[in-house]
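One structure below.
The values are calculated or read from the model by the stated rules, or taken from the named source; none is laboratory data. Treat the numbers as computed from the prediction; the structure is a model and nothing was measured. Cβ atoms come from the backbone with ideal geometry, glycine included; neighbour counts cover every protein chain shown. All accessible areas refer to the heavy atoms of the entire protein, side chains included, with ligands and DNA or RNA removed. Shrake-Rupley method; radii C 1.70, N 1.55, O 1.52, S 1.80 Å.
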Amino acid sequence: MRSRIHNKMCWSRALLTGWVLLLVQLLCFEAVPISMDKTKVQEPEKKIEEPPPSVDTGLHYDRYLREVIDFLEKDQHFREKLHNTDMEDIKQGKLAKELDFVSHHVRTKLDELKRQEVNRLRTLIKAKQDLEGGNDIAVDHQALLKQFEYLNHMNPHTFEVDDLDRLIKSATKDLENFDKERHEEFKKYEMMKEHDRREHLKALDDDERKKEEEHYEDMRKKHADHPKVNHPGSQNQLKEVWEEADGLDPEDFDPKTFFNLHDTNGDGFFDEQELEALFTKELEKIYDPTNEEDDMVEMEEERLRMREHVMNEVDSNKDRLVSMDEFLVATKKKEFLEPDSWETLEQNQAYTDEEMREFEEHLVQQEQDLNQKADDIQKQRDELERQQEQLNAQKIELQQAVEHMERLKTQKVELPPEVHVEGNAIPEQEAQPQGHQPAPQDPQYTPEEHYEQHQDLAQQGLPQTHQDLPPGHQEAAQGQHHLP
């Protein structure tokens with residue numbers, strides 16, 4: 001009964017609370033709005049849009065380069081000069097001179113960035129030395145820092161005009177060589193892959209070798225069987241991106257709109273990464289990571305070839321960027337509207353037969369050098385083991401000599417034998433008269449001379465020990481010593 005009454009009370013309270021809340025809401029809706037003093041209302045702070053992060057250049061000092069550029073662009077004066085200076089003037093160092101007009105806050109931050117970079121390089125130098133086994137060798141950091149041309153190592157504390165000039169020139173030169181180095185690495189990769197395949201075939205018997213070669217040819221044919229690849233940067237290629245990636249009608253293709261859609265960081269330029277992203281659809285026609293016949297390393301090389309081709313055709317000022325104007329000009333050329341067919345990597349072997357021959361000769365020479373080094377190391381090891389054995393033998397001989405000398409020392413400190421004279425026992429040394437010297441241990445000192453000396457002592461009435469008598473007289477002396 002009580003529980004029922006309690007439940008009814010709870011429901012009554014809940015209904016009452018609900019009606020009160022509903023009444024308050026109705027009053028609020030019907031209430032006359034109160035005028036507000038807008039001068040006292042704080043508007044929400046507008047968030048400053050940060051620029052998108054810079055792309056990785058692939059240089060070993062990429063982080064330092066990007067941080068310097070990011071802080072320089074925060075200075076309004078330098079940012080204006082940067083956008084109004086062409087690439088040739090930048091290469092000649094004219095932009096670096098504008099560093100003197102940068103704000104104190106930015107200069108202070110640049111000094112800090114340089115000190116951090118110098119410390120990073122010193123740490124790398126020390127780590128490399130430790131790996132090479134030179135822990136106990138003093139490091140000449142100043143001499144080793146000379147190899148890093150992108151900063152002035154003589155002044156590790158402040159960022160000066162010379163540092164900016166060095167950084168710009170080094171980055172320009174290194175980026176120009178970066179693609180060339182990537183091509184060389186890919187060529188070595190392809191030749192090594194072919195070399196390994198040939199070596200594998202040599203280890204097989206005739207039947208297995210025939211099967212392996214047939215399988216290799218099948219894989220090549222499967223890889224080459226793909227849809228037509230559009231010429232990179234052509235109208236057909238960009239329209240395909242417009243339709244499949246952007247989901248737009250190819251009939252409505254507009255180059256300016258296309259540029260704005262794919263300028264992902266909104267800086268008004270296509271950089272190398274933004275260009276390479278445009279070729280993904282074409283590359284997917286050729287390469288599939290799930291297929292045995294498709295090599296993803298080759299896919300990245302194909303992407304690089306496409307980007308280089310477009311840059312060479314569109315980038316008129318060679319600043320490694322494609323501006324809106326350069327892009328629109330390129331869309332009006334015949335190459336854009338009526339391009340030639342694009343030859344993929346399987347149609348263009350990365351190396352020549354002569355390069356392959358030289359590469360294999362180089363591998364043979366490397367193997368011979370390694371074998372020679374292994375033989376030299378083995379000989380050094382054998383010689384060290386022989387020397388160690390000699391040292392161990394010398395150590396044993398030295399230990400034996402030390403033990404022998406210790407035994408001799410123990411024998412010398414033993415008490416001398418006692419001498420008996422008329423029933424009294426006295427030590428031998430006390431029995432000797434003053435001035436008496438024991439017979440020297442000289443091999444030239446004969447027994448006869450020893451006997452004559454003791455005869456003289458006997459004439460003086462001094463006792464003798466039987467040990468001092470010559471051979472043949474000791475038995476008689478023993479009886480005399482014990483007389484009453």
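The figures follow:
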| read-out | value |
| --- | --- |
| Test set (1) outside any loop (DSSP other than H, G, I, E, B); (2) modelled with pLDDT of 50 or more; (3) open to solvent by less than 60 Å² (accessible area, probe 1.4 Å); (4) of a type outside the set (A, V, I, L, M, F, W, C) - GLY18 fails condition number | (2) |
| Cross-chain or 6+ apart pairs with Cβ under 7 Å, region 167-178 first and in a helix (DSSP H, G or I), then surrounded by 15 or more Cβ atoms within 10 Å (Cβ to Cβ) and of a type in the set (S, T, N, Q) | LEU175/THR57 |
| Exclusive hit being touching a residue at least 60 places away in the same chain (Cβ under 8 Å) and not in a helix (DSSP H, G or I), set SER341, SER316 | SER341 |
| Index of the failed condition, VAL297 passing every other in (1) over 30 Å from HIS215 (Cβ atoms); (2) in a helix (DSSP H, G or I); (3) open to solvent by 60 Å² or more (accessible area, probe 1.4 Å); (4) touching a residue at least 60 places away in the same chain (Cβ under 8 Å) | (1) |
| Residue within region 337-351 that is modelled with pLDDT under 90, over 60 Å from the mean Cα position of the chain (by Cα) and among the polar types (S, T, N, Q) present | no |
| Yes/no for GLU302 being free of Cβ contacts under 8 Å to residues at least 60 places away in the same chain, of a type in the set (D, E, K, R) and under 26 Å from LYS188 (Cα atoms) | yes |
| Close pairs (6 angstrom Cβ cut-off, 6 or more residues apart or separate chains): open to solvent by less than 30 Å² (accessible area, probe 1.4 Å) in region 142-156, assigned to a loop (DSSP other than H, G, I, E, B) and modelled with pLDDT of 65 or more anywhere | LEU145/HIS153; TYR150/TYR61 |
| Single match in LEU304, LEU328 (criterion: in contact with a helix residue (DSSP H, G or I) (Cβ under 7 Å, 6 or more places away or on another chain), under 30 Å from THR85 (Cα atoms) and open to solvent by 30 Å² or more (accessible area, probe 1.4 Å)) | LEU328 |
| Helices (runs of 4 or more DSSP H) within region 180-291 that include 1 or more residues closer than 22 Å to VAL310 by Cβ and open to solvent by less than 80 Å² (accessible area, probe 1.4 Å) | 235-244, 255-262, 272-277, 280-286 |
| Residues that are among the charged types (D, E, K, R) and either under 32 Å from the mean Cα position of the chain (by Cα) or at pLDDT below 90 (or both), drawn from region 352-366 | GLU355, GLU358, GLU360, GLU361 |
| Total residues in region 83-118, condition in contact with a helix residue (DSSP H, G or I) (Cβ under 7 Å, 6 or more places away or on another chain) and either part of a loop (DSSP other than H, G, I, E, B) or open to solvent by less than 90 Å² (accessible area, probe 1.4 Å) (or both) | 14 |
